[in-house]
Amino acid sequence: MQICVILTRAQDSPGTCPSQNGDNQFMGVLFIEESLAVLTRTPATLDALLRGLPEVWTTATEGPGTWSPYIVIGHLIHCEKVDWMERVGVILKDGPQWPFTPVDREAQLNGDSAAPLAALLDEFAALRRENLDRLRDLNLQPADLEREGTHPAFGRVTLRQLLATWTAHDLAHILQISRVMARRYKQEVGPWAEYLSVME
């Protein structure tokens, strides 16, 4: 027995079950819009959290070999330049026959460490705005989400997986920044650390 949720959509008549193909189209559009909703907000989220803070917050780390909020912003900038949209382009133009260029995930450690955080936040916002404009201009269709590329370590991946990773990558680094900053006060919170899972 088929169970249908009746949705008001331009391609469906009221009270009818949409086709499986129609559902795939609808879900594909939803996925793109959901991803854009997060990707669009990330620069403003980080700007609100970090801009104007004392450096003790933005240069804090979790120990040797770990990243501060400042370094994370540098990493996000590098990814905007060489990762997400570059790989979207490879998938759409060349498909799986042309592997992605490997991305140095620590390239920001070799960058200009003298640049003020405010300048990095501005650069990240500008690059993200440009990349999302490029993404929207592609007018991706749901079928495009299943097109494949070749990752140098993982092999075949889809455009859907790439966009999902871009989105989750933003959220992961927002979480990382919040965790690093919270742990600066691990000793100061005293016994309340037991109730703060971020301190573990």
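The numbers here are math on the coordinates, done by the rules we state, and not lab data. Computed from a prediction, not measured in an experiment: that's the story for all the values here. Every residue, glycine as well, gets a Cβ built from its backbone with ideal geometry; the counts of neighbours run over all protein chains shown.
Criterion applied to Asp170, Asp144 was being in contact (Cβ under 8 Å) with a residue 12 or more places away in the chain, of a type in the set (D, E, K, R), surrounded by 14 or more Cβ atoms within 10 Å (Cβ to Cβ) and closer than 26 Å to Ser68 by Cβ, and the one residue passing it is Asp170. Looking at the range 90-123 only, could you name the residues that are closer than 20 Å to Ala60 by Cα, hydrophobic (A, V, I, L, M, F, W, C) and touching a helix residue (DSSP H, G or I) at 6+ places or on another chain (Cβ under 6 Å)? Scanning the range 90-123 gives Ala107, Leu117, Leu120, Leu121. Residues that are farther than 30 Å from Gly52 by Cα and either free of Cβ contacts under 8 Å to residues at least 60 places away in the same chain or of a type in the set (S, T, N, Q) (or both) within the range 94-120 comprise Asp94, Gly95, Gln97, Trp98, Pro99, Phe100, Thr101, Pro102, Val103, listed in sequence order. If the condition is being exposed (fewer than 15 other Cβ atoms within 10 Å of the Cβ) and under 18 Å from Ala115 (Cα atoms), then the range 32-58 contributes Arg51, Gly52, Leu53, Pro54, Glu55, Val56.
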